[in-house]
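One structure, pasted below without further comment.
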Amino acid sequence: QVQLVESGGGVVHPGGSLRLSCASSESLDNFSSIRWHRQAPGKERAFVALITHQGAIKYDDSVKGRFTISRDVAKKTTYLQMDTLEPDDTARYYCQAVSLLGDDWGQGTQVTVSS
C-alpha cells in the first residue's frame, strides 16, 4: 500500500500563503495522477487540483489563479502552493494517488485561514 504523508498546513491570515507537500513512498511514475482535495467542517470532500503522469494540470474554479500544483519526481513529492488565501479555504487538505490499481489517500493536513 502506498504511503502518502501531507505536511505544511497551519494557521494563516487572509491574503497569506502556504505550501503543502505530499510525500509518497513510491515513485510518482507509478501513478496516473496525484490529486489534492479538501474537506471543510460540515461539508463533503471536494476536488482542488491534480497533476497527471504526463504533467497535465487541472484546478477547481474556486482556486484557479491562486493555487499552483507541482511535483518533484526525484523527491517523490507533490506540492500545492496556496496564495491569496481566503477564510473559505479553511479545510483539511488531502492528497490522493491514483493508479490503474486503485487509489490511496494521506491523512491530511489542516489549513486554517483566519484573522
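The values are calculated or read from the model by the stated rules, or taken from the named source; none is laboratory data. Source: prediction; values computed, not measured. Every residue, glycine as well, gets a Cβ built from its backbone with ideal geometry; the counts of neighbours run over all protein chains shown. Each accessible area value is taken on the protein alone, full model and side chains, heavy atoms only, with ligands, DNA and RNA left out. Shrake-Rupley method; radii C 1.70, N 1.55, O 1.52, S 1.80 Å.
Which one of these does residue 26 not meet: (1) open to solvent by 30 Å² or more (accessible area, probe 1.4 Å); (2) charged (D, E, K, R); (3) outside any loop (DSSP other than H, G, I, E, B)?
(3)
What pairs come up if the first residue lies in the range 63-84 and is without any contact (Cβ under 8 Å) to a residue 24 or more places away in the chain and at positive phi, the second is β-branched (Val, Ile, Thr) and open to solvent by 60 Å² or more (accessible area, probe 1.4 Å), and their beta carbons are under 9 Å apart, counting only those six or more places apart or on different chains?
65/84
Here's something else I'd like to know. What number of residues within the range 1-23 satisfy the criterion of being assigned to a strand (DSSP E or B) and closer than 19 Å to residue 83 by Cβ?
Within the range 1-23, the first condition is being assigned to a strand (DSSP E or B), and the residues that meet it are 4-7, 10-12, 18-23.
From what is left, the residues that are closer than 19 Å to residue 83 by Cβ are 6-7, 10-12, 18-22.
The number of residues fulfilling the criteria is 10.
Checking residue 3 against (1) touching a residue at least 12 places away in the same chain (Cβ under 8 Å); (2) over 12 Å from residue 107 (Cα atoms), which single condition isn't satisfied?
Here residue 3 meets the rest and fails (2).
Still on this structure, I have one more. Suppose we keep only residues that are open to solvent by 20 Å² or more (accessible area, probe 1.4 Å) and of a type in the set (A, V, I, L, M) within the range 65-115. Which one would you say is modelled with the lowest pLDDT?
Per the stated criteria, the residue is 101.
Looking at residue 57, is it within 12 Å of the chain's Cα centre (by Cα), over 12 Å from residue 9 (Cα atoms) and either open to solvent by less than 50 Å² (accessible area, probe 1.4 Å) or not hydroxyl-bearing (Ser, Thr, Tyr) (or both)?
no
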